[in-house]
1. For region 81-104, what are the residues that are in a loop (DSSP other than H, G, I, E, B), surrounded by 15 or more Cβ atoms within 10 Å (Cβ to Cβ) and over 16 Å from the mean Cα position of the chain (by Cα)?
2. Does region 69-80 contain any residue that is within 30 Å of residue 31 (Cβ to Cβ), assigned to a strand (DSSP E or B) and free of Cβ contacts under 8 Å to residues at least 12 places away in the same chain?
3. Please go through region 25-46 and pick out each residue that is assigned to a helix (DSSP H, G or I) and closer than 14 Å to residue 112 by Cβ.
4. When you look at residue 20, is it farther than 16 Å from residue 118 by Cα, in contact with a helix residue (DSSP H, G or I) (Cβ under 8 Å, 6 or more places away or on another chain) and modelled with pLDDT of 95 or more, yes or no?
5. So which of 56, 91, 87, 96 is modelled with pLDDT of 95 or more and on the phi > 0 side of the Ramachandran plot?
6. State yes or no: is residue 107 surrounded by 15 or more Cβ atoms within 10 Å (Cβ to Cβ) and in contact (Cβ under 8 Å) with a residue 60 or more places away in the chain?
């Protein structure tokens, strides 16, 4: 299980933060599927393009692994990320604003590779930090 956790940490440290997208071909199974809010992303090439777009939108992205739990074929990771919004993301032009987001990923591991990936992240907070959504008024309580 520690090997699987290390595999997933390489994804965060070397691919997402280190920007080595070529490594995805080694870390991901050829039939890789990423389940994200916009619908499934199927295949290494398509997923690599999605990561490239993320790097274009957040040029100084740093992802930190906060916690991991593993079972023989699964790794769950709670993570945080910080970046500057430097390019178009979700239809929003670059704002130059600093952003932080937290999330969880659930990875299915087989034969030393990541086969599937499910993502849950704080999209609402991210969009608010990018200036797309306002913050609702919360009345003060005594």
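1. Kept after step one, since they are in a loop (DSSP other than H, G, I, E, B), are these residues of region 81-104: 85-88, 90-91, 93-97.
Restricting the remaining residues to those that are surrounded by 15 or more Cβ atoms within 10 Å (Cβ to Cβ) gives 85-87, 94-95.
Within region 81-104, 86, 87, 94, 95 meet the criteria.
2. Initially, region 69-80 is screened for residues within 30 Å of residue 31 (Cβ to Cβ), giving 69-80.
Next, from what is left, pick out any that are assigned to a strand (DSSP E or B): 69-71, 74-80.
Then keep just the ones that are free of Cβ contacts under 8 Å to residues at least 12 places away in the same chain; that gives 69.
Within region 69-80, one or more residues are within 30 Å of residue 31 (Cβ to Cβ), assigned to a strand (DSSP E or B) and free of Cβ contacts under 8 Å to residues at least 12 places away in the same chain.
3. Within region 25-46, 25, 26, 27 meet the criteria.
4. On the way: farther than 16 Å from residue 118 by Cα: yes; in contact with a helix residue (DSSP H, G or I) (Cβ under 8 Å, 6 or more places away or on another chain): yes; modelled with pLDDT of 95 or more: yes.
Spelling it out, residue 20 is indeed farther than 16 Å from residue 118 by Cα, in contact with a helix residue (DSSP H, G or I) (Cβ under 8 Å, 6 or more places away or on another chain) and modelled with pLDDT of 95 or more.
5. Numbers: 56 fails: on the phi > 0 side of the Ramachandran plot; 91 fails: modelled with pLDDT of 95 or more; 87 fails: on the phi > 0 side of the Ramachandran plot.
Within the list 56, 91, 87, 96, the selection yields 96.
6. Details: surrounded by 15 or more Cβ atoms within 10 Å (Cβ to Cβ): yes; in contact (Cβ under 8 Å) with a residue 60 or more places away in the chain: yes.
Considered against the rule, which asks whether it is surrounded by 15 or more Cβ atoms within 10 Å (Cβ to Cβ) and in contact (Cβ under 8 Å) with a residue 60 or more places away in the chain, residue 107 comes out as yes.
The values are calculated or read from the model by the stated rules, or taken from the named source; none is laboratory data. Worth saying up front: this structure is predicted, and the values here are computed from it rather than measured. Because the Cβ atoms are built from the backbone with ideal geometry, glycine has one as well, and the counts that use them run over all protein chains shown.
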